[in-house]
Amino acid sequence: MSIKRPLKELLAADEDAMMEDNEENGTNNTNGEGEEDWETVPSPVAEGLCVECGDQPAELSCTVCSEDFCSVCFGYLHRTGNRKSHKIVPFNKDSVKGSANGVGKVQATEINGKEETSEEKEEEEDDEESLSASIHEAKGNIASSRGDSDRPITSADLLLKIKEHSKYIPMRLNSEERKLLRLLEAALNVSEYTDKVDILLYSSKAKRMIAQLKEMCSILAGLVVATNMQAGQSLFEDKEFSENAEWFQDVFEIGRRYKIMNPEKMRDSFGKLMYMIMDSRLPEVKDSMEFDLYKPLKTVFGYLHHKGGLSMLDDELVLQATVEINPDNKSRANIQADIRRKEKAIEVLARKYSAGTSLTKEDIRQCLYSIGDYHAYLRANRYPVEQMIKMLTERFDANQIHKQFSLGISYGKDGARLSHNHERQYHYVHQSLTLWSQIMRDMFMLWTLADNDLLSENNRYRLADTGQGLNRIKPCPQVSRAMHNIIRRSQERTGQWIGSSVVHLGDHTVPNALFFLDKYLQVPRILTPVFIAVSNMDRIARDPYVHEWISSQFGSVEDLKTTILCDFFRHAFDGSGADNFYDAGSCIDGRLTSAWNWANTISKKPYYKKFLVSGFTGFNGTDGF
């Protein structure tokens, strides 16, 4: 049986054995001065570099550690423990030069902002001048995202359009509003409102509405109490729902505002939310509950106007502060420089317009971030449409017919419901894509108008069977006027119009504005995967086996791309979107329905496997095909 030995004894024995081995082998682990050199002595870090990593320029100085760090190393070393409370100052490059002469003096302020030096004040005054040179590039990026890059446009024109569109841009949610959003989503997920209200029964529908709305308010109140007991007690203890009407209205307004900025979210519950607000505004329901759930949307324009900061939207720096950072064909250094310029512009505007108004710096940042979200939305949703128009005009000619890639379609052939020759189909596709591009640009305005039409007290809805189940049919006068203006602008851009210009709104085809919104939110979902697949063909064809596979079936990569586009431009616009067998779907809504039908048959196309290889996952995100 072996005897257990203490750890110190084992370590001492190992050290003695190692020394004996070194003596036998003639090796010596000491340096020339007789000192042990078991670890490499680190070389001194050059002045002006981070003391931790040694290869990045110093950005921050710790007054307690008396060392200089880059922002990454500082955040890692000072994230916990006593170091978390260390005070920091911006790294002063001039002090490095001065220290070499023995006269260095650090002139910096603490980041918490208690003091300011004259150097920082001068930097603040020069910020606006240093950003003026980059506004031209920002102006081009914004014009590109808006689809106005094909014609010269001035900064004043862009600012005027931003100011006009800010009336429809919802404010980004802050942290407290996001907590309320989570409560609302949880309550909507367990609610069965439409299942119990939108049914045909002989019992009083108003009573069912009131009961379900009170149940929804009770669920929200219970969730608040479960989340925060003190907040729940202050809101609901010994109080009626009507006494907290403003709180309920805020919660439902937050849900509507969030949906506009994130159309892919709340797809299953947003209809219930809108129908609850719609029913709460009915006179018989409102009188019984003593309040309704409606509150106007909080927009950037309305918020700035209320706070007295509307003049900020006339400042040219807004272009730099709200531009989307486009990483295409840019190095990492250039992208980081763009981000720094954007953040600097935001801070300059926040500092400039928080003085003399009731706006705080955080309020101004929130407004600018909201406008920035709008520009990002435009690029993500309108850019694919504009690129498809570009592919149409570059690969096809209205006056020249290619035998293999003709766009002509015939009634009854391959499911087509229209008969167009090559030239007519080219113009029909071009004007349809142009119309969708205009709709994507004005989507926030259409959201606001649809919200007004849905929740208007002037017109009541009626529950009817539209052939797709029971639906609420309600007139959409504001959306209808806006759509006819968009059609007129599209006609001016294309120079002609082929097919019907009828807009179905408030009828059995499109029962209400909610259906209208859901229909046109599908445009980028259909076009983006097609655009990405065609754009990725050159990349995947770099593999010799894939290139041989493509060449053996389609001849070349370019022929494959033209085949995909030709099939899309023919059968995604072939009139198969009619609502019956006798009519052709050439109306405004039928064009989009035809594209839906084409998307549903993608798995039967000869190029479908190439779609999959290019990264295609479906027309509905990751939810399947």
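Being of a type in the set (S, T, N, Q), farther than 23 Å from Thr601 by Cβ and open to solvent by less than 20 Å² (accessible area, probe 1.4 Å) narrows it down to one of Gln425, Gln438, Gln400, so name that one. Selected residue: Gln438, the only one of Gln425, Gln438, Gln400 that is of a type in the set (S, T, N, Q), farther than 23 Å from Thr601 by Cβ and open to solvent by less than 20 Å² (accessible area, probe 1.4 Å). Of all residues in region 536-559, those that are closer than 30 Å to His427 by Cβ and surrounded by fewer than 20 Cβ atoms within 10 Å (Cβ to Cβ) total 8. For region 465-505: of the residues being open to solvent by less than 40 Å² (accessible area, probe 1.4 Å) and over 32 Å from the mean Cα position of the chain (by Cα), which is farthest from Met278 (Cα to Cα)? The extreme case among them is Ile498. When you scan region 53-76, do you find a residue that is in a loop (DSSP other than H, G, I, E, B), at pLDDT below 50 and open to solvent by 60 Å² or more (accessible area, probe 1.4 Å), even just one? Looking for residues that are in a loop (DSSP other than H, G, I, E, B), at pLDDT below 50 and open to solvent by 60 Å² or more (accessible area, probe 1.4 Å), one finds none in region 53-76, hence no. Taken together, Leu273, Leu304, Leu293 contain a single residue that is within 24 Å of Tyr369 (Cα to Cα), in contact (Cβ under 8 Å) with a residue 12 or more places away in the chain and buried (at least 18 other Cβ atoms within 10 Å of the Cβ), which is Leu304. Only residues that are in contact with a strand residue (DSSP E or B) (Cβ under 9 Å, 6 or more places away or on another chain) and either of a type in the set (Asp, Glu) or closer than 18 Å to Cys587 by Cβ (or both) were counted in region 474-498, giving 1. Only one of the numbered conditions (1) of a type in the set (Ser, Thr, Tyr); (2) closer than 30 Å to Gly255 by Cβ; (3) in a helix (DSSP H, G or I) is not met by Thr357, and that is (3). Given the structure, is Leu319 within 20 Å of the chain's Cα centre (by Cα), assigned by the TED database to the domain that holds Asp373, within 27 Å of Arg382 (Cβ to Cβ) and buried (at least 16 other Cβ atoms within 10 Å of the Cβ)? Yes. Report yes if Arg395 is touching a Phe, Trp or Tyr at 6+ places or on another chain (Cβ under 9 Å) and open to solvent by 70 Å² or more (accessible area, probe 1.4 Å), otherwise no. Spelling it out, Arg395 is indeed touching a Phe, Trp or Tyr at 6+ places or on another chain (Cβ under 9 Å) and open to solvent by 70 Å² or more (accessible area, probe 1.4 Å).
Residue-by-condition table, conditions (1) of a type in the set (A, V, I, L, M, F, W, C); (2) not assigned by the TED database to the domain that holds Gly308:
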residue	(1), (2)
Ser370	no, no
Val385	yes, yes
Ile401	yes, yes
Phe405	yes, yes
Asn421	no, yes
Gln425	no, yes
His430	no, yes
Met440	yes, yes
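Here Glu253 meets each of (1) assigned to a helix (DSSP H, G or I); (2) over 19 Å from Trp447 (Cβ atoms); (3) not aromatic (Phe, Trp, Tyr) with one exception, condition (2).
Within region 322-351, being free of Cβ contacts under 8 Å to residues at least 12 places away in the same chain and either part of a helix (DSSP H, G or I) or crowded, with 16+ Cβ neighbours inside 10 Å (or both) holds for Arg332, Ala333, Asn334, Ile335, Gln336, Ala337, Arg340, Glu343.
Scanning region 531-574 for residues that are assigned to a loop (DSSP other than H, G, I, E, B) and either of a type in the set (D, E, K, R) or free of Cβ contacts under 8 Å to residues at least 12 places away in the same chain (or both) yields a count of 5. Filtering region 491-527 to residues that are polar (S, T, N, Q) and part of a helix (DSSP H, G or I) leaves Gln491, Thr494.
Among the residues of region 154-166, just one is β-branched (Val, Ile, Thr) and in a helix (DSSP H, G or I), namely Ile162. Within region 227-243, the residues that satisfy the criterion of being free of Cβ contacts under 8 Å to residues at least 12 places away in the same chain and either in contact with a helix residue (DSSP H, G or I) (Cβ under 6 Å, 6 or more places away or on another chain) or open to solvent by less than 40 Å² (accessible area, probe 1.4 Å) (or both) are Ala231, Gly232. When region 419-433 is filtered for residues that are in a loop (DSSP other than H, G, I, E, B) and under 21 Å from Tyr520 (Cβ atoms), nothing remains.
Of the candidates Ile532, Ile526, Ile602, the single residue that is under 25 Å from Gln431 (Cα atoms), modelled with pLDDT of 90 or more and open to solvent by 40 Å² or more (accessible area, probe 1.4 Å) is Ile532. In the set (1) of a type in the set (Val, Ile, Thr); (2) at pLDDT below 90; (3) out of contact with any Cys (no Cβ under 9 Å at 6 or more places or on another chain), Ile487 fails one condition alone, (2). Is it the case that some residue within region 465-476 is in a helix (DSSP H, G or I) and polar (S, T, N, Q)? No: zero hits. Of all residues in region 364-374, at least one satisfies being surrounded by fewer than 22 Cβ atoms within 10 Å (Cβ to Cβ) and free of Cβ contacts under 8 Å to residues at least 40 places away in the same chain.
Can you pull out the helices (runs of 4 or more DSSP H) entirely within region 167-246 that have at least 1 residues that are acidic (Asp, Glu)? Passing ranges, in order: 175-190, 193-197, 205-227. Taking each residue of region 475-493 that is assigned by the TED database to the domain that holds Leu433 and looking for partners that are surrounded by fewer than 18 Cβ atoms within 10 Å (Cβ to Cβ) and basic (Lys, Arg) with beta-carbon atoms closer than 8 Å, six or more apart or interchain, yields nothing.
The values are calculated or read from the model by the stated rules, or taken from the named source; none is laboratory data. Keep in mind it's a predicted model, so treat the numbers as computed, not measured. With ideal geometry, Cβ positions are generated from the backbone for all residues, glycine too; neighbour counts draw on all protein chains shown. Side chains are part of the model used for accessible areas, which takes the heavy atoms of the whole protein and leaves out ligands, DNA and RNA. Shrake-Rupley method; radii C 1.70, N 1.55, O 1.52, S 1.80 Å.
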